[in-house]
Amino acid sequence: MNRQQKHARAKLILKIVGPIVAAAGLTLTIICFADLFSSVADGKGLPDLFWFGFIGLPLLGIGIALTMFGYRKELVRYIKNETVPVINEAAAEIAPAAKITAAAASEGFSADDIPCPACGEKNRKDAKFCKSCGNALQKACPSCGETIDAESKFCDHCGKQI
């Protein structure tokens, strides 16, 4: 018997034993509460079969757990089939807002771009030449030799007029 067959056999056993244990636990619990309520209603004092609850409730929990383990794959598949369409619907509703947000974010990142003085094309702030026309975007200050933007009228470093 290979591993897959052993797994299938174990699941089958859980699917059979789980409901039986749960039914036994439920029966004992019902007997416990019936005896409790009849004792209180009759006024005869303490119930005789109250201890069935101490056996029945744990058996009920164990039986439900065994049944859930036996049907776990089926339960998860059902939950997936119920959840995925809702997620897809939510994603379809959110997609336009996500596109607008992404466009705003990319526009915000490009706010640091500098226009080419020759053609107006936006280029990265650290670019030395325009990506569209090849014109120089930076030049050296004639006074101090530091690199400055091509359209600057004064040097950022020494303050001299260009």
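The values are calculated or read from the model by the stated rules, or taken from the named source; none is laboratory data. Everything numeric in this text was worked out from a predicted model, so none of it was measured. Note that each Cβ is placed from the backbone with ideal geometry, even for glycine, and that neighbours are counted across all protein chains shown. Heavy atoms of the whole protein, side chains included, go into the accessibility calculation; ligands, DNA and RNA do not. Shrake-Rupley method; radii C 1.70, N 1.55, O 1.52, S 1.80 Å.
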>> Looking only at residues that are part of a helix (DSSP H, G or I) and without any contact (Cβ under 8 Å) to a residue 24 or more places away in the chain in region 1-12, which one is most open to solvent (accessible area, probe 1.4 Å)?
In response: R3
> Can you name every residue in region 128-138 that is free of Cβ contacts under 8 Å to residues at least 12 places away in the same chain and either surrounded by 14 or more Cβ atoms within 10 Å (Cβ to Cβ) or in contact with a Pro (Cβ under 6 Å, 6 or more places away or on another chain) (or both)?
Replying inline: F129
> Which residues, taken from region 142-162, are in contact with an Asp or Glu (Cβ under 6 Å, 6 or more places away or on another chain) and either in a loop (DSSP other than H, G, I, E, B) or loosely packed, with under 13 Cβ neighbours inside 10 Å (or both)?
Replying inline: H157
>> For the structure I just gave you, tell me whether L66 is in contact with a Leu (Cβ under 6 Å, 6 or more places away or on another chain), open to solvent by less than 60 Å² (accessible area, probe 1.4 Å), modelled with pLDDT of 95 or more and among the aliphatic types (A, V, I, L, M).
In response: yes
>> Let me confirm something: among I79, I31, I55, which residue is over 30 Å from A150 (Cα atoms), β-branched (V, I, T), assigned to a helix (DSSP H, G or I) and open to solvent by 80 Å² or more (accessible area, probe 1.4 Å)?
In response: I79
> Just checking, which of I79, I100, I94 is closer than 30 Å to G18 by Cα, among the hydrophobic types (A, V, I, L, M, F, W, C) and modelled with pLDDT of 80 or more?
Replying inline: I79
>> If I go through region 126-160 residue by residue, how many of them are modelled with pLDDT of 85 or more, closer than 14 Å to I114 by Cβ and among the hydroxyl-bearing types (S, T, Y)?
In response: 1
> Which of the residues belonging to region 28-76 are touching a helix residue (DSSP H, G or I) at 6+ places or on another chain (Cβ under 7 Å), of a type in the set (S, T, N, Q) and more than 26 Å from K6 (Cα to Cα)?
Replying inline: T29
> List, please: which pairs have Cβ atoms under 8 Å, are six or more places apart or on different chains, and start with a residue in region 22-45 that is under 27 Å from M68 (Cβ atoms) and of a type in the set (S, T, N, Q) and end with one that is open to solvent by 60 Å² or more (accessible area, probe 1.4 Å) and part of a helix (DSSP H, G or I)?
Replying inline: T29/L57
> What number of residues within region 34-52 satisfy the criterion of being open to solvent by less than 70 Å² (accessible area, probe 1.4 Å), out of contact with any Asp or Glu (no Cβ under 8 Å at 6 or more places or on another chain) and more than 26 Å from V17 (Cα to Cα)?
Replying inline: 4
